[in-house]
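Asker: Dumping the structure here so I can ask a few things about it.
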Amino acid sequence: MRFDVITLFPEMVQAVTQSGVTSRAAEQGLITLNCINPRDYATDKHRTVDDRPYGGGPGMVMKADVVLSTIRDAKQQSPASKVVYLSPQGKTVNQAMMSSAAKEEGLILLCGRYEGIDERIIELAVDEEWSIGDYVLSGGELGAMVVIDSITRLLPGALGHEQSAEQDSFSDGLLDCPHYTRPEEIEEKPIPAVLKSGNHAEIAKWRRMEALGRTYQKRPDLLEKLDLNEQDKKLLEVFLRQQ
Ligand code: 9D3
């Protein structure tokens, strides 16, 4: 999958290719990251990318002419890619949106800075507008990095151990079960005995029960969206009885 990121801070976004799953995916050629700096498309002596807002007020706005030229060049490099503008006004991303985006050939991720971009850019050249949550960031770069990370781990071969993406929290609409490793006991807290039983069916059942129980307790909103089968309903009852 190809990511073209339009950003005034390319070094910030390039960090995704320097650690972890996304770095390995780039090495393996599963993803390509190409950063395009709008400053390179400014035509004046000072390479101006922003200007004062019409109507007055604080802050600056990214210029339509400069950003449109940048997007046009990105589209020329990646004609099949959707243009996504990261912005607080966008649809809040979720795992389903990441899954569907992972099937695209590529994405052109447009990162705003200052107060945002001239609205006409959105009307003329943006396909979708995405937010990463209801809090204030200083620009779209962290949003683009979140999107790249989340999509990359869904690409076949990116995780090495293939089940992990499926087992992730949210892939089946539930939170993950708890995890334990050595030591077997710490500060008088042992691990749950079932995990040492060697009974893999019992372990799977226990993990499912914990996932259902924690989702009920921590994220009831997620559980409300699911239509639990009879077995899951029983497991949740057992979990709640044990609390
Ligand atoms: C404090 C400035 N705000 C005026 C009321 C508006 C505003 C402008 C620009 C708020 C944030 C930003 C920059 N944010 C992003 O570019 C951004 C973002 C975000 O702030 N929150 C969640 N997702 C995203 S994606 C891009």
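Asker: At 0.36 nm per residue, and after removing the present C-alpha to C-alpha distance, how many nm does the segment from Leu240 to Ser138 gain when stretched out fully?
Answerer: Full extension of this stretch gives 32.5 nm more.
Asker: To the nearest 10 square angstrom, how much accessible area does Tyr216 have with a 1.4 angstrom probe?
Answerer: Estimated to the nearest 10 Å², Tyr216 gives 110 Å².
Asker: Explain nothing, just compute: Karplus ³J(HN,Hα) = 6.51 cos²θ - 1.76 cosθ + 1.60, θ = phi - 60°, for every residue of segment 219-227 in order, whole Hz, x for Gly and Pro.
Answerer: My calculation for segment 219-227 gives 9, x, 4, 5, 5, 4, 7, 9, 10 Hz in order.
Asker: Tell me, what is the percent relative contact order of the chain, built from C-alpha pairs under 8 Å that lie six or more residues apart?
Answerer: Rounded, it is 19 percent for the chain.
Asker: On the first, second and third principal axes, largest extent first, how far apart are the outermost C-alpha atoms of segment 41-189 in Å?
Answerer: The Cα atoms of segment 41-189 stretch 65, 37, 27 Å along their principal axes.
Asker: Grab the Cα-Cα distance for Glu184 and Gln217, subtract it from 0.36 nm times how many residues apart they are, and report the gain in nm with one decimal.
Answerer: Once the chain is fully extended between Glu184 and Gln217, it gains 9.3 nm.
Asker: Over the chain, what percent of the accessible surface lies on carbon and sulfur atoms, probe 1.4 Å?
Answerer: For the chain, the apolar C and S fraction of the accessible surface comes to 49 percent.
Asker: Just the accessible area per residue of segment 2-152, please: how many Å² with a 1.4 Å probe?
Answerer: Accessible surface, normalised per residue, equals 52 Å².
Asker: Still on this structure, please answer the following. Which value in Å is the Kirkwood Rh of segment 169-242 over different Cα pairs?
Answerer: Across segment 169-242, the inverse of the average 1/r is 13.3 Å.
Asker: Would you please state which residues of segment 116-130 a label at Thr48 would reach in this model, taking the label point 7 Å out along Cα→Cβ and a backbone N cut-off of under 11 Å?
Answerer: none
Asker: Another question, if that's okay. Below 24 Å, Cα to Cα, which lysines can Lys45 reach? Residues fewer than 8 away in the same chain don't count.
Answerer: Leaving aside lysines fewer than 8 places away in the same chain, those within reach of Lys45 are Lys63.
Asker: Further question on the same structure: Counting pairs of alpha carbon atoms under 8 Å apart in space and at least six apart in sequence, what relative contact order in percent does segment 188-243 give?
Answerer: Averaging sequence separation for qualifying contacts and normalising by length gives 34 percent for segment 188-243.
Asker: Further, regarding this structure: Calculate one ³J(HN,Hα) per residue across segment 121-132 by plugging θ = phi - 60° into the Karplus curve 6.51 cos²θ - 1.76 cosθ + 1.60, and present them in order as whole Hz with x for glycine and proline.
Answerer: Whole-Hz 3J(HN,Hα) from phi for segment 121-132: 5, 5, 5, 8, 9, 9, 8, 9, 10, 10, 10, 9.
Asker: Which sequence of Leu110, Leu240 reflects their accessible areas, 1.4 Å probe, from the largest down?
Answerer: Leu240, Leu110
Asker: Can you return the lysines within cross-link range of Lys218? Criterion is Cα-Cα under 24 Å, with same-chain partners fewer than 8 residues away left out.
Answerer: Lys91, Lys189, Lys205, Lys233, Lys234
Asker: Accessible surface of Ile122 in the full protein assembly, 1.4 angstrom probe, to the nearest 10 Å²?
Answerer: So the heavy atoms of Ile122 present about 30 Å² to solvent.
Asker: Using θ = phi - 60° and the Karplus curve 6.51 cos²θ - 1.76 cosθ + 1.60, what whole-Hz ³J(HN,Hα) does each residue of segment 231-243 get, with Gly and Pro shown as x?
Answerer: 3J(HN,Hα) across segment 231-243, in whole Hz: 5, 5, 4, 5, 4, 5, 4, 4, 4, 5, 5, 7, 6.
The values are calculated or read from the model by the stated rules, or taken from the named source; none is laboratory data. Just so it is clear, the structure is predicted and the values come from calculations on it, not from any experiment. Every residue, glycine among them, receives a Cβ derived from its backbone with ideal geometry; neighbour counts consider all protein chains shown. Only protein heavy atoms, including side chains, enter the accessible area calculation; ligands, DNA and RNA are left aside. Shrake-Rupley method; radii C 1.70, N 1.55, O 1.52, S 1.80 Å.
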